[in-house]
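In what follows, a single structure is set out as structure tokens and then discussed.
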Amino acid sequence: MASEAKLDPDLDLVLVREVNAPREILYTCWTTPEHLVHWFVPKPHKVTACDLDVRVGGKCNTTFDVDGTEMQNNGVYLEIVPNEKIVFTDAYTEGWKPAPEPFMTAILTFENIGGGRTRYTAIARHRNTDTAKAHKDMGFYDGWGTVVTQLEEYAQGLMK
């Protein structure tokens, strides 16, 4: 699945993990606000608001509290393939309004690898090398890796 994204090592940051949870549950965690708020940012930071309209052109809005600072992340979905793929960007907001300072497009894929496990691929695609480097320097791999671990733990709790 990730290969269809034609990766550019200068612009794309990629995280691939095998997650011990079915892709249907991971997809639900990504597309349901009441689930997403529990795992979406590295703890102790937290999601304080989440408004999702999971369809092409639908809003994908989250607000985080990071050390007492509110950070808004508003965007739209570009592609939705239930239980398989989610693509969203902050380049546009609801109603296809261009964002003044877009940062990235996220491409998430969920590949069933058997035994209730999923190959989870997250690609953060950037518009230029400076933005990609800034995201990497911000701790993309540690931060997104922590989030995948939190997602896996949360998803396993839903399986009980």
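Three semi-axes describe the equivalent ellipsoid of segment 29-70; taken as square roots of 5 times the Cα gyration tensor eigenvalues and ordered largest first, they are 20, 11, 6 Å. Histogrammed with a bin width of 5 Å, the alpha carbon distances of the chain distribute as 2, 9, 17, 23, 24, 17, 7, 2, 0 percent, first bin at zero. For segment 98-138, the normalised intensity computed at q = 0.21, 0.26 Å⁻¹ comes to -0.72, -0.87 (log10 of I(q)/I(0), Debye sum over alpha carbons, equal scatterers, no solvent).
The charge dipole of segment 37-160, taken about its Cα centre with unit charges on the Cβ atoms of Lys, Arg (+1), Asp and Glu (-1) only, comes to about 320 debye. One compactness figure for segment 18-106 is 1.09, namely its Cα radius of gyration divided by 2.2 N^0.38 Å. Accessible area of Trp39 (1.4 Å probe, protein heavy atoms only, ligands and nucleic acids ignored): about 0 Å². Shown here are the Rg and Dmax of the Cα trace of segment 66-160, at 15.2, 44 Å. A crude spin-label estimate for the pair Lys133 and Arg117, with each label 7 Å from Cα along the Cβ direction, gives 3.7 nm.
Size estimate for segment 74-115 follows the Kirkwood approach: the inverse of mean 1/r over distinct Cα pairs works out to 11.2 Å. Given a 1.4 Å probe and the protein chains as shown, Glu94 ends up with an accessible area of around 90 Å². Under a Cβ-only charge scheme (Lys and Arg +1, Asp and Glu -1), can you give me the dipole magnitude of segment 65-129 about the Cα centre, in debye to the nearest 20? Charge dipole of segment 65-129: 380 debye, to the nearest 20. Report, in listed order, any pair from Lys136/Lys160; Lys46/Lys136; Lys43/Lys97; Lys6/Lys85; Lys6/Lys136; Lys6/Lys43 with a Cα-Cα distance greater than 25 Å. Cα-Cα > 25 Å for Lys136/Lys160; Lys43/Lys97; Lys6/Lys43; rest within.
The values are calculated or read from the model by the stated rules, or taken from the named source; none is laboratory data. Just so we're clear, the structure is a prediction, and the values are computed from it rather than from any experiment. Here Cβ is always computed from backbone atoms with ideal geometry, including for glycine, and neighbour counts include all displayed protein chains. These accessible areas exclude ligands, DNA and RNA; they are computed on the full protein's heavy atoms, side chains included. Shrake-Rupley method; radii C 1.70, N 1.55, O 1.52, S 1.80 Å.
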